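The values are calculated or read from the model by the stated rules, or taken from the named source; none is laboratory data. The shown structure was predicted, so the numbers you read here are calculated from the model rather than taken from an experiment. Cβ coordinates were reconstructed from backbone atoms using ideal geometry, including for glycine residues, and neighbour counts include every protein chain displayed. Note: areas computed on protein heavy atoms with side chains; ligands, DNA, RNA excluded. Shrake-Rupley method; radii C 1.70, N 1.55, O 1.52, S 1.80 Å.
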Amino acid sequence: LGALLAVVAVLCGRWLARRITAPLQNLARGTEALAGGDLQHRIPVSGAKELSDLAQAFNTMSDRLQEKACESQVFQDALERLNATLEHQVQERTHALEESTVQYKSLVESSPDSILIVQDGKVRFINRAFAETFGIPEAEILHPDFRLSRIFDPSSAALAGGRIAAWERGESPGPAEVLGQDAQKRTRHLELRGSRIEYQGRPAAECLLVDMTESKRLRERLSETEKLRALGELASGVA
């Protein structure tokens, strides 16, 4: 009887361990997929309530990130097409320029990502998303004494300033991941992209700041599931 009870205990232990580790392994695979850029990956909602809640949170966040990524890509593509044709339209006729300028302002104001135009190291234009993200009044940002480094964490200020200056000179460095800092001194994880444009008849840098703060927090939260998975596998091995 004792041997039978021991066998039953071992089988129950292994069953419970698998019940814990299976959802954790699903979460771990989801974390790896998200880190690899796969925003379509979804996790089966199963297991204990805490694990199923975390899986549901993962799926909900992935839905939001995928939706925002698609929306952001649509605006970025449209913005690139408009920038590519803007200079040609300037050469064609003044009326076309005025029409394109109206389209440009309408596009950047509806963009979900922050956009700013920098000329001679000074901010000349920001869109609505920028003001909402950083919480700094437009009049303050456009003031001649406003320092561009204020919107970046000190650890990223030199990198961001260098990229923006290079774009303004007409160079083509790639995007960079930087840390931003809003009016409340909260850190924001950003992807900085840019290119050279003509603004009011002079060269300038058009900069796009894609806010990845929410995605970063989700990845950090999901990385904790790796620890839980390791504990589950350890419990399974002991059983």
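Somewhere in the stretch 182-205, is a residue in a loop (DSSP other than H, G, I, E, B), within 19 Å of residue 69 (Cα to Cα), open to solvent by 40 Å² or more (accessible area, probe 1.4 Å) and at pLDDT below 90? Looking for residues that are in a loop (DSSP other than H, G, I, E, B), within 19 Å of residue 69 (Cα to Cα), open to solvent by 40 Å² or more (accessible area, probe 1.4 Å) and at pLDDT below 90, one finds none in the stretch 182-205, hence no.
Filter the stretch 104-132 for residues that are modelled with pLDDT under 90 and of a type in the set (Ser, Thr, Tyr); which is most open to solvent (accessible area, probe 1.4 Å)? Residue satisfying both the conditions and the ranking: 106. Please verify whether residue 130 is touching a residue at least 60 places away in the same chain (Cβ under 8 Å), among the aromatic types (Phe, Trp, Tyr) and closer than 29 Å to residue 57 by Cα, treating the condition exactly as stated. When the stated conditions are applied, residue 130 passes them. Considering the stretch 172-181, and only residues there that are touching a residue at least 24 places away in the same chain (Cβ under 8 Å) and either among the small types (Gly, Ala, Ser) or within 18 Å of residue 122 (Cα to Cα) (or both), the residue that is surrounded by the most Cβ atoms within 10 Å (Cβ to Cβ) turns out to be 180.
Of all the residues in the stretch 147-160, those that are open to solvent by less than 80 Å² (accessible area, probe 1.4 Å) and either touching a residue at least 40 places away in the same chain (Cβ under 8 Å) or outside any helix (DSSP H, G or I) (or both) number 2.
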